[in-house]
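What follows is calculated from the coordinates using simple rules that are stated; it is not laboratory data. Since we're looking at a predicted model, the values are computed, not measured. Every residue, glycine as well, gets a Cβ built from its backbone with ideal geometry; the counts of neighbours run over all protein chains shown.
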Amino acid sequence: MAISRRLGSATTRSRARTSNSSGPSVRPVRQSLTALVDALDGMVYRCKTGEARYFESVSAGCAGLTGYSAAKLLSRRGTFYNSLIYTDDRARITAELSQALAATRRFSIEYRITSRGGAVKWVRERGAGRHAARGSEWIIEGIVEDVTTQRAAFRALQESELRFRGLFENATEGIFQTSPAGVYINVNRALARIYGYDTPEEIIAAVADIQNQLYVDPARRVEFVTLMRADGVVTNFVSEIRRRDGDRIWISENARAVYDAADSLLFYEGTVEDVTETKLNQEKLEYLANHDAVTGLPNRLLMNDRLRQMMLQAQRNESVVAVALIDLDHFKLINDTFGHNQGDQLLQTVARRMQACLRETDTVARLGGDEFVLLLSGEGRGEALSQVTQRVLKAIALPWRIEQRELSVSCSIGVSVFPRDGRDVQTLLKNSDTAMYKAKEFGRNNFQFYSSEMNAAISERLELQNALHHAVEAEQFVLLYQPKVDLVTGRVAGMEALLRINDEERGLLLPQNFIRVAEETGLITTIGEWVMREACRFNKSLQVRGLPPMRVAINLSARQLMRNELLRTVELALHDTELAAEYLELELTESMVMHDPEEVIAMLNQLKDLGLKLSIDDFGTGYSSLSYLKRFPVGSLKIDQSFVRELGQEDNAAAIVKAIISLGHSLDMHVIAEGVETAEQLTFLIENNCDAMQGYLFSRPLSADDFIALLERESSRGDGYSILRQLCPPLDQGNLEFGSDISGS
Ligand code: C2E
Ligand code: MG
Ligand code: MG
């Protein structure tokens, strides 16, 4: 490619000069420099300034840049190139150039030229100027390069950066970058706004610990990080967030972990969406799908679900679940007479009343129409179940106001029990339904169990409850008295009052048949008070008759012991019957006193302070703690009949009886054996220094009159020892030794 004439001639001139001074090596260097300059992309030039720029030489690259030859460019006294420059850019170039020249610094100016053929190119011209030998002229040397592609790429980059910045800043979703340690690196406006901050800068400054400042449940953030570590991404990760103002919102995060080339974690980045409304709507929908619109109770769907869960739990705990199907009696009539509005109100009232009867773990559901279901967990015993169902029956039957009138509806309840009556939802519901129809047949307003044994047990219980109420009203209670015999003197030294119901039809009912129901219904307090008075009255009457004074023992139930009135009841009974306190004894069982030892000890001390005696009944069957036993103000132990019965049959029994006697004595207690039926048992007790006995061998529980007769016979005989001798043949044969007062008589 030809280099310009002028550049060529200058070269020739300087070559001549340098070849003189520098010798033969200069020439090839200059030649290769020229080749190098010509080989460069772009136009290397030299020009002079005056009114315009006059180009003196240009390199071969000018053709690639402008499409014109060097000769063309240097034409018009070297000003042709100027005409290629975009008119709009010319003034700027002149200004920038003269500034740079004035400051004698290099310049770099970008502008447009129109190349041959009309294509517009962006060029960058760089160079420096120096003063020409003459006047105010400058000589400038530089290079003009085509930067069109470069500029386009840069522009594109700039534009895309601008676009993304816009996306980032104007997005409605929150966008973030956070450090692995949980600090914000970068967030957009939307994120700041979602979390209640005015600007991104504000939230970045305020939140130093994302996990604990933002997450309502910080464990959720731990989960986020764990997922990130495992998968590198999380999608639709929903958590509850505490906003700056304390409000709670739900957000959904989509994020990924960003690593560097060495695979170490740089940061997390992702988006945050406020999904509170969606979540609430979802909850609302879920609620609607699972609840009945009229009563707000769980519907069939949710009931099925809960029942399944309760069955699983019952299986684990080996307990039961009762499914009670409730149908309102004659509901249709109310609906038809008073309209659906009133009907709905009734259903709502019924729902509220049922809920009030249950524990938190139970469920009331409405299946539709006037059908409800109760799910009761852990109600193993029929009685407990029947109590709940009875409560529900009563609650529903309470009067209800409608248009100034009082109405009441009853209901019929059918109960099936998992696992006995079925092991799946459908079977249980079907069987409850069968039972419910049975209840309707029985005249409504009642409940029936699916299983017949359970019904039998319940109806017997109901009968008993009625009988008890009746017995209280008709004063059908009687006390029998069983003598306690002192094994040292051989005399009747006391008696135990034992309760019976004198039923017209069934004769004397034993306590085992009614005490529990009396306790459960609370009737035991009334009955117990009567027992106490009656026993005291009877004992006082014996003393008035002139019989030797002795103690009467009565049995207390746990329900009585727990009541604060007990002390007052005892005082009143003693006061009203004028019996001295020392002649009254209270029998308690181990389980009663062990239930809440500290409280019981306080109560027992108060009773003891009144002057009466306390004993522990059925000793050996409970789990008395010896440390407590020492602290109970108890004067005697009654060895349980089960051990006495087995004496002579079971080696263990003998060992236990011996142990109880010596334990009692070591605690300074009086020990009495109950249920003594044979001479052999008595012999063993005497041999082992038991203090007293009570049992059929000496006497069954007697009516008041028979007891008086027994005492009168005994006091006329004046010899207790002879009675014992009759009962216990070894005594007769002189094989046994007794206390001195007996052996001496
Ligand atoms: P308990 O206090 O252990 O009474 C002893 C029971 O054993 C009485 O039964 C008595 O009749 C029976 N018995 C006495 N000697 C013999 C014998 O030689 N052989 C056999 N097999 N039994 C004998 P009962 O009268 O049926 O009373 C049973 C339980 O009922 C009593 O056990 C007591 O815990 C409770 N009880 C009785 N009366 C009352 C009362 O007025 N109030 C309360 N709360 N409970 C009472
Ligand atoms: Mg007793
Ligand atoms: Mg007993």
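Some points to look at:
- In terms of surrounding Cβ atoms within a 10 Å radius of their Cβ, Asp705, Asp596, Asp370, Asp38 rank from fewest to most as Asp705, Asp596, Asp38, Asp370.
- Angle of helix 5-22 to the longest C-alpha principal axis of the chain, folded into 0 to 90 degrees and rounded to 10: 90°.
- Put simply, the amide H of Asp503, placed in the peptide plane, has neighbours under 5 Å in Leu508, Leu509, leaving out anything fewer than 5 places away on its chain.
- A cut-off of 5 Å between modelled amide H atoms, ignoring neighbours fewer than 5 places along the same chain, links His291 with Asn299.
- Nearest 10 degrees, 0 to 90: helix 452-473 Cα axis against the chain principal axis: 60 degrees
- Residue separation of Gln99 and Ala205 scaled by 0.36 nm, minus their Cα-Cα distance, works out to 33.6 nm of gained length.
- Long pairs among Lys638/Lys658; Lys608/Lys658; Lys284/Lys332, criterion Cα-Cα beyond 23 Å: Lys608/Lys658; Lys284/Lys332
- Within the chain, the ratio Rg/Rh, alpha carbon atoms throughout and Rh by Kirkwood, equals 1.44.
- The chain, dipole about Cα centre (Lys/Arg Cβ +1, Asp/Glu Cβ -1), debye to the nearest 20: 8720 debye
- Using the Karplus relation 6.51 cos²θ - 1.76 cosθ + 1.60 with θ = phi - 60°, the per-residue 3J(HN,Hα) values for the stretch 662-669 come to 6, 4, x, 5, 5, 8, 6, 10 Hz, with x marking Gly and Pro.
- Charging the Cβ of each Asp and Glu at -1 and of each Lys and Arg at +1, and nothing else, the dipole of the stretch 171-281 about its Cα centre rounds to 160 debye.
- Trypsin sites (Lys or Arg not before Pro) restricted to DSSP loop in the stretch 64-131 with at most 14 other C-beta within 10 Å: Arg105, Arg106, Arg116
- Within the stretch 92-196, all pairs of alpha-carbon atoms sorted by distance into 10 Å bins from zero give the percentages 12, 24, 19, 15, 18, 9, 3, 0.
- Helix content alone sets the calculated 222 nm mean residue ellipticity of the chain: runs of n ≥ 4 DSSP H residues at -39500 (n - 2.57) each, divided across all residues, give -15000 deg cm²/dmol.
- Backbone HN-Hα couplings from phi across the stretch 288-303 [Karplus 6.51/-1.76/1.60, Hz, Gly and Pro as x]: 4, 5, 10, 10, 7, 5, 6, 9, x, 7, x, 8, 4, 4, 5, 4
- With neighbour counts taken as other beta-carbon atoms within 10 Å, the residues Leu375, Leu667, Leu604 rank, fewest first, as Leu667, Leu604, Leu375.
- Residue (of Asn254, Ala602, Leu479) at the positive-pole extreme of the chain, dipole from beta-carbon charges: Asn254
- Inter-label distance, Asp89 to Arg124: 1.3 nm, where each label sits 7 Å from its Cα along the C-beta direction.
- For the chain, the longest principal axis of the C-alpha atoms and the axis of helix 218-231 are separated by about 60°.
- Cut-off 17 Å (backbone N to label point 7 Å along Cα→Cβ of Leu280), residues of the stretch 228-262: 239-252
- Residues Met303, Met228, sorted so that the one with the fewest Cβ neighbours within 10 Å comes first: Met228, Met303
- Pairwise label distance in nanometres, Gln726 with Phe442, each label 7 Å out on the Cα-Cβ vector: 5.3 nm
- Under 16 Å from the Cα of Lys430 - lysines, other chains or at least 8 residues apart: Lys438, Lys440
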